[in-house]
Every structure is written in structure tokens, then in C-alpha cells.
Amino acid sequence: MAGTASAASHRHRGSPAPSPAPVAPPAFFDAARWGRAAGDVWSGTWLDRDALEQRARQRLRTLLRFVRAHVPLYRRLHRGLPPASELQLADLPVLHKSQLMADLSASTAATGLSRATVDAFLADPARIGTPLAGRYAVWTSSGSTGVPGVFVHDGDALAVYDALELLRFRGLSVGPLRGGPFLASERYAMVAAIEGHFAGIATVERLRRTFPLLAPWVRAISVLQPLPELVGQLNEYRPTLLAAYPTVAELLAEEQQAGRLRLSLEELWCGGESLGAATRSQVARAFGCRVREAYGASEFLSIAWPCRHGRLHVNCDWVLLEGVDARGRAVPPGVPSHTTLLTNLANRTQPLIRYDLGDSITVLPEPCPCGSHMPAIEVQGRSDDVLSLGRRDRPPVKLMPLALATVLEDDARVSDFQLEQIGPRQLALRLGRSERPRGAAACAALRAYLDRLDLAGVRVDLDGAPPQREARSGKLRRVVNADRRAAAG
């Protein structure tokens, strides 16, 4: 990689690093900083491929020099490597979530940010969307890989995420020229898990707190409540923009077609799970609106945005994605990856460099008709099943996988699990070895949730087998409808 390295980067390999000076983190929100981020995102949208790559390389070099000076985890992982100016991204070690969570303090450049402080913050639901220590956003991710994640973002990163969402995902033709979600002409609703410090609800609450005038037009609705109550809240609020997981959108589409849900949407936004062509078509027909897919994560909120042709374009000037096979080797365009390595170029408080994201992506080999020079991808993320549980003399109840996973993660504190429907009124719960001591608590949490949904007759059995991963991909489907998969096969 070209460029001038700092003096620290030219030390002899293996020589001890000097004690770094404390890093002053950026403010949680600063209007001038947000304006600079918006200007950068706007200009980057129109760059050609070479200019985008040059901008990303420069940011990566700067990030590498920073982490070697200020982040203990990377000083250890990168010990003995050449200077940043001599490295390619593929030369760097892969970072796994387990490494990140083993010593959270060592993974950050923040001084005095202990795991105990972070855990105390996350234990308080009243602080969702508020800054930790006045400066940091802290988000948790699901434990779909068996390890739950905690991610700390600074004000610089938040400004970049917001600018990417507004200027690329929404686009000027949808946003400011038509009023966007910031005027009473549009009402935004997000249907999601809102009881924890997840990226979606934390972002909604942050915006509501930062811009109080937005609050009446931005709302988050819990996916944990019974479907009739969810439908009632949506009918009362009457959103014009709706964001939901694809499995949630599919159930809401059925309610719309049955006439119980009565929404007039301009757009429906899906993310967090794989959006199949059949689901997209069903949702578009039910609501009579455009369905758009987004790709983001707790590690980087706005990874890719959809163009007018429906293709997802990576924000490659701010986030790097590497599709690799099971041995960590890069896969060519057109080939689905085993997993994806993510490098966040915006966040210096908890930097992520070649972080194993777990998703499978396929880089599309042909240019996109929209003309964007940002790479277009297809994503195979989580694809859990909707469960349909029977009741005597009444219609069955459909359960969203996001709700079931949230109950197990938040109420039972288990993350390495698989819940399978093996009959009309029977569930089998499998837990990883480290989670098995909490088996009784996990079954009790599920039992309490099912009782709230008037499903007292459904059995929940603890299966002695571990979660079953797919033979070909090694991926874990955490909520599985065995009957549905058998019928599909």
C-alpha cells in the first residue's frame, strides 16, 4: 500500500510500543461534525472505482496507525507485522467476536471504559439511545454465532452512519425533496425487538432524543407482543414508512391482505434477514408499495444501500467487505462466500479490522445499470422460519423468529441455541454445551411467552442434542419449522 507511514510504524518489528497518550473521544452529537460527514458521503457517492479505492486505502492506513498506538488488542494481534504502508488488507489477521468479547476494554481506545461500566449501562433499559459517559453509543448483537456481541461507537462513526442512511439509503429523491421522515407528511414505524440496546431501537431513540421535534413522527413498536395487538398499534399510528425484518413483513402482509391491517404505505424497508424474491413480491402486492432492502449490522449500521434497480451497493469508502471461503481465502465475484470479513473505517473507539461477520455475500460480477461504481452484492444472512402453533378449536398462532430469539437471549440469557417446531403443538430446544445449565430457565422463559400468546397447550421439551448446523454451509438456523422445511424440500 502506498502512502507515508507515521514514525511509530517504522519501529523495528517486535520492539515495544511507547505508552500511548489518552484519546479524547468525539462528542456524541456535534452539528459541525455531522455536516462534514454529510459532505464527505455526498461527494463519495459520485466517485469512480479508483477514487473510491484510494479513499478507502487512505482511511485504512490511518486506522492501522491509530490502532497500533492506542488499542491494546491490535498491538497484540499486529505485533511483528510490517508498517501500515507496506501491508495489504489480506495480510492482517482475522478478528473473531470471541476475541473481541474476551477483553472488551482491550478492544477499545477509550480510557477507563471497563466491562463492568458497559454491562451496568446495558442492564438499564431506560438508557437505550442515550450516550454512555456522554460520548459513546453501545449496541448489542444477537448471539447467532453462539457469542453475543457488544459494540461501542463514537460520535464520528454515528455521524457517518446517519449521513449514509440519509443521503444514500434514502436518497435526495426520496428524502429532502419530498419532505423525508422529518416532516409530519411522513410517519416512520420500526417493528423490532425494542426491549434491549439493539442497533435499530438505539438509533431510533437517539434520534428522538437528539431531535425532539421528530418524536411524534418516529415510533418503534415491539415485535414481542401478540400479533393482534401489534396490528392494532400500527392501525392507530398509520405509518407511511415501515421498517421490519422480512419474516415480520411477511406476517404483516398476510394481515393486510386479510383486511385486519389497514396501512397505506409509501415504502416498506426490510433488513436483518434474507429477503427472498417470493417474500418481496408478496409484501409489495399486499401493501401496494415499493419494498426496499437494506444491509446493516451492529458492527456497522449502514453497510449497503439499494439502488433503483434493487441491487445492494456497499458503502465501500467507509466499510470494507471481504468474501472468503471456509479457509479464509478470497472468493471471486459471482461465488457465494462462506463468511464475510468486515473492516469499519469510521469508528476508532472500538475499531473492527477484518472482523468475521458470519454472513455470506456474493459480489455481482457485472456492472450495475444504475451507474454506481460501488460494488453490488447479494447477501445470504439469517433465514429463520416463522412457526405456526396450533390451538384447540381456534386458528393457529404464527410466531416470529425474531421474537422467539429475543425471549431466549434477553429473558433466559442463552445465545447458542436452536428452537425447532417438531409438531403442531410441540417445540424442541437444543442448547450448546456451555448453555445447558440454563436449560430450565430457557424453557421457563419460552413457556411464559407462549402463555402470554394463549398457547398454554404447546409443549416445550429440552433436547439433549446440541444445535444442528447445516452440513454444507456450517450455518446455524436458530428457529426452524421442521414441517415447513420438509414441505419445501
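The values are calculated or read from the model by the stated rules, or taken from the named source; none is laboratory data. Remember, predicted model here, so these are calculated numbers, not experimental data. We place every Cβ from the backbone using ideal geometry, glycine too, and count neighbours over all the protein chains shown. When the accessible area is computed, the model is the full protein with side chains, heavy atoms only, and any ligands, DNA or RNA have been set aside. Shrake-Rupley method; radii C 1.70, N 1.55, O 1.52, S 1.80 Å.
Here is a check on your reading of the model: is ARG49 in contact (Cβ under 8 Å) with a residue 60 or more places away in the chain, of a type outside the set (Val, Ile, Thr), under 26 Å from LEU167 (Cα atoms) and open to solvent by 30 Å² or more (accessible area, probe 1.4 Å)? Criteria met by ARG49.
Go through region 292-319 and give me each residue that's out of contact with any His (no Cβ under 7 Å at 6 or more places or on another chain), of a type in the set (A, V, I, L, M, F, W, C) and farther than 28 Å from ALA193 by Cβ. Can you show your working first?
Kept after step one, since they are out of contact with any His (no Cβ under 7 Å at 6 or more places or on another chain), are these residues of region 292-319: 292-303, 306, 308-319.
If we keep only those that are of a type in the set (A, V, I, L, M, F, W, C) too, we end up with 294, 297, 300-301, 303, 312, 314, 316, 318-319.
Once the filter is applied, which keeps residues that are out of contact with any His (no Cβ under 7 Å at 6 or more places or on another chain), of a type in the set (A, V, I, L, M, F, W, C) and farther than 28 Å from ALA193 by Cβ, region 292-319 yields only CYS316.
Checked against (1) open to solvent by less than 30 Å² (accessible area, probe 1.4 Å); (2) farther than 21 Å from ALA137 by Cα; (3) at pLDDT below 95, TYR237 meets all criteria but (3).
Only residues that are open to solvent by 30 Å² or more (accessible area, probe 1.4 Å) and at pLDDT below 90: list them for region 155-186, please. Selection gives LEU172, SER173, PRO176, LEU177, ARG178, PHE182, LEU183, ALA184, SER185.
Kindly indicate whether any position in region 315-333 is surrounded by 17 or more Cβ atoms within 10 Å (Cβ to Cβ) and basic (Lys, Arg). Before the answer, list the steps.
The first filter runs over region 315-333 and keeps only residues surrounded by 17 or more Cβ atoms within 10 Å (Cβ to Cβ), leaving 315-324, 331.
Filter once more, keeping what is basic (Lys, Arg): none.
No, because not a single residue in region 315-333 is surrounded by 17 or more Cβ atoms within 10 Å (Cβ to Cβ) and basic (Lys, Arg).
Counting only strands (runs of 3 or more DSSP E) that fall entirely inside region 356-400 and contain at least 2 residues that are touching a residue at least 12 places away in the same chain (Cβ under 8 Å), buried (at least 19 other Cβ atoms within 10 Å of the Cβ) and touching a strand residue (DSSP E or B) at 6+ places or on another chain (Cβ under 9 Å), the qualifying elements are 360-363, 376-380, 387-391. Summed over region 125-170, the residues that are of a type in the set (D, E, K, R), assigned to a helix (DSSP H, G or I) and touching a Phe, Trp or Tyr at 6+ places or on another chain (Cβ under 7 Å) give a count of 3.
Of everything in region 264-309 that's open to solvent by 40 Å² or more (accessible area, probe 1.4 Å) and charged (D, E, K, R), which residue is nearest to ALA189 (Cα to Cα)? Walk me through how you get there before you give the answer.
The first filter runs over region 264-309 and keeps only residues open to solvent by 40 Å² or more (accessible area, probe 1.4 Å), leaving 264, 266, 277-278, 280-281, 285, 288, 290, 308-309.
Remaining after also requiring charged (D, E, K, R): 266, 280, 285, 290, 308.
Numbers: GLU266: 12, ARG280: 19, ARG285: 20, ARG290: 16, ARG308: 22 Å.
Of everything passing the filter in region 264-309, GLU266 is nearest to ALA189 (Cα to Cα).
Scanning region 210-234 for residues that are in contact (Cβ under 8 Å) with a residue 60 or more places away in the chain and either in contact with a Cys (Cβ under 8 Å, 6 or more places away or on another chain) or open to solvent by less than 10 Å² (accessible area, probe 1.4 Å) (or both) gives a single hit, VAL223.
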